[in-house]
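Data block below; observations after.
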Amino acid sequence: MDLNEETIEDTFNINKVLETLFSSVKSIAHEKRIELIYEMDSTIPRRLRGDSDTLVLVLSKILTFVFQKSDRKEIVLSLSSVEDFLYEEFISFKIQETHIDKEKLLSFLKIHVSEEIEMIGGNIVDDHENISDIHLSIPFKNVELGFRRHYRLPDKKIVGKKILLLCSNEKTAQSLKKMFQYFLYDVHVGMDELKKHGNDLALYDILIISEQMITEKTKETIANIQELAPLKYVVLRDPDGLEDDIKTDSEHFIKPITQEKIFDLIISLYDEKSGTEKSDTTQMEKV
């Protein structure tokens with residue numbers, strides 16, 4: 001290995017990197033009224049070794065460009081890798097369907113980020129079929145060798161719960177669904193799914209609902225159900241406006257959502273004894 005490459009490697013938490021990235025583009029995203037959503041594959045290790053600073057720089061440049069040029073109102077950044085992440089593997093970072101002209105995309109990538117991508121051993125994948133997609137493939141090393149499950153709940157009793165997601169954004173709901181399924185959760189999405197089951201909230205262990213969808217009738221219904229069944233009630237919130245007090249008995253679940261935040265949420269809801277073991281990326285507060 002080249003000595004220069006060795007000096008820029010560090011050990012980092014991929015979830016923290018994604019939160020840093022979210023903060024770095026928050027202003028332009030707010031200005032353009034675009035929601036950034038993460039979709040994380042279960043194969044991605046929590047702790048990696050590599051150049052996290054350059055990774056954030058590259059992704060921040062790309063997302064800023066996409067926010068400026070795309071007509072999309074939701075941008076999904078997906079992370080995926082091989083099923084068995086051994087010592088060193090490539091991680092794919094994809095932004096699909098940007099609706100930006102391919103020549104403009106390639107020109108931007110070549111001029112503004114190709115040097116940094118090459119510096120960290122990555123490459124730009126040219127997808128001839130999905131011409132408005134951006135796809136980077138970058139190698140990272142696994143810190144926790146020998147582990148196939150990177151997030152382990154402390155008690156089998158909190159695995160495999162039944163959850164209902166009522167999200168104002170469909171892509172957010174699908175991202176959450178994928179991350180909860182990592183813990184073998186039975187995930188239902190949307191009001192139509194609730195209607196299929198007789199509008200019975202008592203069937204569920206957890207309800208996650210977007211702040212925008214909460215009404216007084218919703219809160220009254222949930223309170224009535226909680227008198228009869230152990231339903232956990234969680235509000236999904238944007239990071240803005242957190243100083244406003246919402247009078248509920250729920251947890252606040254703050255975007256951006258990562259796999260580690262899902263893990264921490266489950267711990268917070270079901271395993272109070274392990275509260276001191278929660279990661280330091282949790283962004284929830286009791287109301």
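The values are calculated or read from the model by the stated rules, or taken from the named source; none is laboratory data. All values reported here derive from a predicted model rather than from experimental measurement. So basically every Cβ, Gly included, is an ideal-geometry build from the backbone, and we count neighbours across all protein chains shown. Only protein heavy atoms, including side chains, enter the accessible area calculation; ligands, DNA and RNA are left aside. Shrake-Rupley method; radii C 1.70, N 1.55, O 1.52, S 1.80 Å.
Below, the figures for the structure above:
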{"quantity": "Trypsin sites (Lys or Arg not before Pro) within the range 21-85: DSSP coil, no more than 11 neighbouring Cβ in 10 Å", "calculated": "R33, K73"}
{"quantity": "GNM flexibility winner over the chain from D238, D133, D200 (Cα, springs under 10 Å)", "calculated": "D200"}
{"quantity": "Helical contribution to [θ] at 222 nm, DSSP H n ≥ 4, -39,500 (n - 2.57), averaged over the chain, rounded to 500", "calculated": "-9500 deg cm²/dmol"}
{"quantity": "Fraction of antiparallel bridges per DSSP, the chain only, in percent to nearest 5", "calculated": "50"}
{"quantity": "Relative contact order %, the chain, counting alpha carbon pairs below 8 Å whose residues are six or more apart", "calculated": "16"}
{"quantity": "Amide H within-cut-off set for D133, under 5 Å, with H built and near neighbours excluded", "calculated": "E97, T98"}
{"quantity": "Vicinal HN-Hα couplings computed from phi for the range 157-168 (Karplus, 6.51 cos²θ - 1.76 cosθ + 1.60; Hz; Gly/Pro x)", "calculated": "5, 9, 8, x, 6, 9, 9, 10, 10, 10, 10, 6"}
{"quantity": "DSSP H segments from the chain that extend 24 Å or more along their own axis, Cα-based, with Kyte-Doolittle mean of -1.0 or above", "calculated": "52-69"}
{"quantity": "Cα gyration tensor, the range 94-175 - rounded (a/c under 1.5), prolate or oblate", "calculated": "oblate"}
{"quantity": "Set of lysines with alpha-carbon distance to K157 below 18 Å, sequence-local pairs under 8 removed", "calculated": "K232, K273, K278"}
{"quantity": "Solvent accessible area, Å² - E9, 1.4 Å probe, full protein context", "calculated": "40"}
{"quantity": "Pairs from K32/K161; K94/K162; K61/K156; K217/K255; K32/K156 whose Cα-Cα separation, in the structure shown, is over 32 Å", "calculated": "K32/K161; K61/K156; K32/K156"}
